[in-house]
Structures are given as structure tokens and as C-alpha cells.
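Written below as C-alpha cells is the structure these notes are about.
Rule-based calculations on the coordinates, nothing more; no lab input. Fair warning: this is a prediction, and the values are worked out from it, not measured in the lab. Cβ coordinates were reconstructed from backbone atoms using ideal geometry, including for glycine residues, and neighbour counts include every protein chain displayed.
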Amino acid sequence: MSAPSAFPTVPGPASARRVAANLVDMVLGKGRALDDALADPKSGFRDLPDRDRGYVRRLVATTLRRRGQIDGVLRKFLTLWPKGLPREAMRLGAAELLFLDAPAHAAVGEAVNLMHPEQKKPRGLINAVLRKVATEGAAIVAEQDVARANTPDWLWQSWVNFYGEDIARDIAMAHLQEAPLDISLKGDDAAIWAEKLAAEILPTGGLRRMAGGAVESLPGFEDGAWWVQDVAASLPVKLLGNVKGQRVADLCAAPGGKTIQLTVAGASVMAVDRSDPRLKRLKENLKRLGFKVDVRTAEIEQWQPDESFDAILLDAPCTATGTIRRHPDLPYLKDETDVAKLADLQRRLAQKSWTLLKDGGRMVYCVCSLQPEEAEYQIRHLLALPGAQIVPADAGRLHLPSEAVTHEGALRTLPSMWSGRGGMDGFFAVCLQKN
């Protein structure tokens, strides 16, 4: 199947680089999320042989992670961008030359071949520019401010203003590395599964292995022995304490990692989300793991259950900037207007969720965002809820450095934490007791 895109098609099946160009164009040109683009039959990704899929993922991710550096190099040789010349062909070729150690003749030739043979002018220009990148690009890269170059202005200013420039740089550098695969186990047999999965046992009790390969093909996946969940995403549930036998609502629950975690901990869980397609994935995960959970489709702000809950986990919709390691397309799909809109929604959801909590119960508010408007700045609104009091997080119990707990007692993880182990997602969580 040929993959329709901005690139002229040639007879025969879609090449790996043509599919990569389609995917980058879908993200940067059309504003599509990379995961959606990968799943879209029109991208051509699903029609590639297995051996090519891994390379395409790596090439596209590298092009997105290093976009600022790549464009900086290309600007040295191409001050004006001719109309009709797809940037993606040039960017992919430069990514291969500068960061993937591809042979120059292969990277340049494949980039040129993304153009139709009759498009002589674009082909000649791509060839000339990429040959300069091959010979002079490394010296230009060596002079670049890597962290700053690859971070869009709106994110950089936000992080510098809130965290300071040193931490902002650490965050940006952590985003250049592919995230490892973190695994949460259904049982207590960590040593056995660590050996089977060639994984490291984390202090939190989960497992970590290097990313790569199809998750579905790993031992134990089909049998429901474990599920994938970044170590930072597993922490908010732990702030609730012992939930065994309690009635717990997991609000905005899809794709379900925290629902599963609560169920394993012995809670009676009701999982609620507004999105049927996302809940479908949650149900598939529950079925694979052999769990039965009460799953509801509802708009949280309008939802009214029959009785209140002992505990609530509100994993609020957010910009997800804490997951850029896993989703390098995010910086180009979001902006500061999204932060403001989501912060307002988060306040409304927290207010509604609080009304569903029993007196004496606990609620955890969490977001996988690095933006303070969605996290730390929400604390004053949360403390304005009737009877709300923060239950301070314990960094030692969570096996985290002391700086992972804010002075108010909230949890704040950063991609640069655990750098020697491969980092973790950026997460914010705060536990409130209703007194």
C-alpha cells in the first residue's frame, strides 16, 4: 500500500523513509499526534515490514526531538526555503546524517528519492544541501546550545521562570533520550520477572528495561502478568495510603494504569472517563489482566453517582508536558493557550470531585504536566475546597530524593530525576484529606 502524503508517490510499496516523511508531515504540518499518525492506515506505517517499523519510529522520534538543532544546521545552508520543497525530506536526511550515523550516500540518496524523478530542481537542492550537512554539519552541532535549541520558546520560558535555568536545561536534555520501559507487576515475583524480561528491579518494586521491540511480544504480556506504567505514574496512587476494602473512584481513568494499580491494592474501583475509545483500551487491559472493574462513561462535571467514595484519584486532563520523553511531538502540538484552558478545567473537575468524597476521605489530584499553572499553582484552589488539608508526601517511602516533595507537601517529579537510571516522567500529585 502506498502512503498518500505531501510527497510525490512512485510505483511500488511505501519505503521506510517515505513513511517517516509522511509521519513527520502529519505531526508538524497537520498537527496530528504521533500516536494517531502511527495508527492511521494513510500513513503507511502499519504496512511496513517489522524490521522497518523500529527504524521509522527511531528516525521520526529523532527528527522531532532534535528539530531545533536540525533546523539550525539547515538554516546555515538554506536561508530561503523555496516554495513547494517539503521540509520533511531535508529534516529526515539531516537527522540521519547528524544523529543516527547513517552513511552519507544512503541518507542523501534516500532524501533525494522522496521527490519524483521529474522534480529535478528540488532533487538537486536537497542533494546539495545535505551534502554540505554531511561534511560541515557536525561542526555546527558542536557549537549549538542543545537544550535551548530543541525547546520551543513557550516551554523554555515557562520552565526557566518556574524552575530556574539549570533545572530547565536538565529537563530539556532528559527529553533527548528515549524513555525506558517501566513495568508494574500483578504479583510479588519481581525477581522472576526481572530475569525473564532482562529488566532491573526498581526501588519502587516495579521493573525497568531498555525500550525497543514490541511490548506485546514480551513474556507475560498476553498472560496478564504485568502492565506498562512509568514509575512516576505509579506514585499518585501510593499517596492515598492503604485503600484495601475501600470504595475508590478513578476519575479520568483511561488508559487505566492507575485503575489496575488500585485494584491490585484491594480497592473496589469505579473507573470513569468521558471517552469511549479510551475506555475501550482500559477494558482491554483489564480483561488481559483478569480484573473486573465497574467502568462508566460520563462527563465528570455532570456525573452524580449513587453514593460518595472513601477515596478519589483525579488524574486530570493536562498538556502532558511531563511525558515529552515518550511523546516528542507534544511541544509542537500544544502552546500556552492550552495551559490556560486546561488549568480552568482542572479547577472545575477538582471542585466537582471533592463533592463526591466522604468526610474523612482522601483525594489525590495529579497531572503529568511540568507546567506550574496545572500543578503547583493549583494548590491554593485545592486548599480552598471545604475542609481540605494536605497530607504531605513522604519522599523516603516513595524512594525519591527529598527535592521531589515541595514545601507544601506535594509530589513533583522531573524527567531529570533518576538520571542514572534513565529518568522518569514529570508528574505532580497532591493528597488532600476532607476534614
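Considered as an equivalent ellipsoid built on the Cα gyration tensor, segment 160-276 has semi-axes of 26, 22, 14 Å, the largest given first.
Excluding ARG209 itself, what net charge comes from residues whose Cβ is under 11 Å from its Cβ, given Lys and Arg +1 and Asp and Glu -1?
Working: positive: LYS196, ARG208; negative: ASP182, GLU200.
Its environment carries a net charge of 0.
With the radius of gyration and the Kirkwood radius both derived from the Cα set of segment 16-144, what is their ratio Rg to Rh? That ratio is 0.95, to two decimals.
So in the chain, what percent of DSSP beta bridges are antiparallel if you round to the nearest 5? Write down the numbers at each step before the final one.
Details: 22 of 41 bridges.
Within the chain, antiparallel bridges account for around 55 percent of the total.
Taking the fewest neighbouring Cβ atoms within 10 Å as the starting point, the ordered list for GLU408, GLU216, GLU301 is GLU216, GLU301, GLU408.
Can you bin segment 218-263 into rounded, prolate or oblate? Criterion: square roots of the alpha carbon gyration tensor eigenvalues sorted a ≥ b ≥ c, rounded for a/c under 1.5, prolate for a/b above b/c, oblate for the rest.
Numbers: a/c = 1.91, a/b = 1.73, b/c = 1.11.
Since a/c reaches 1.5 and a/b is larger than b/c, the shape of segment 218-263 is classed as prolate.
Our note on the geometry: Cα centres of segment 159-215 and segment 323-341, 21 Å apart.
Among the lysines, which fall within straight-line cross-link reach of LYS280, defined as a Cα-Cα distance under 19 Å, with same-chain neighbours fewer than 8 residues apart omitted? Leaving aside lysines fewer than 8 places away in the same chain, those within reach of LYS280 are LYS258, LYS292.
In what sequence do LEU342, LEU251 fall when counting other Cβ within 10 Å, fewest first? Numbers along the way, then the final one.
Values: LEU342 21, LEU251 26.
Going from least to most buried by this count: LEU342, LEU251.
Within a straight-line Cα-Cα reach of under 16 Å, LYS83 can be paired with the following lysines, leaving aside sequence neighbours fewer than 8 residues apart in one chain: LYS120, LYS121.
Sort segment 230-434 into rounded, prolate or oblate with this rule: let a ≥ b ≥ c be the square roots of the eigenvalues of the Cα gyration tensor; rounded if a/c is under 1.5, and if a/c is not under 1.5, prolate when a/b is larger than b/c, oblate otherwise. If you can, show how the numbers build up before the last one.
On the way: a/c = 1.25, a/b = 1.17, b/c = 1.07.
It is rounded, given that a/c, with a ≥ b ≥ c, falls under 1.5.
Relative contact order for the chain: 13 percent, from Cα pairs under 8 Å spaced at least 6 residues apart, divided by residue count.
By other beta-carbon atoms within 10 Å, ranking GLU403, GLU373 with the fewest at the front produces GLU403, GLU373. So which lysines can LYS42 reach, going by Cα to Cα under 21 Å and dropping same-chain residues fewer than 8 places off? Filter leaves LYS30. Classify the chain as rounded, prolate or oblate from the Cα gyration tensor: take a ≥ b ≥ c as the square roots of its eigenvalues, call it rounded if a/c is under 1.5, otherwise prolate when a/b beats b/c and oblate if not. Prolate.
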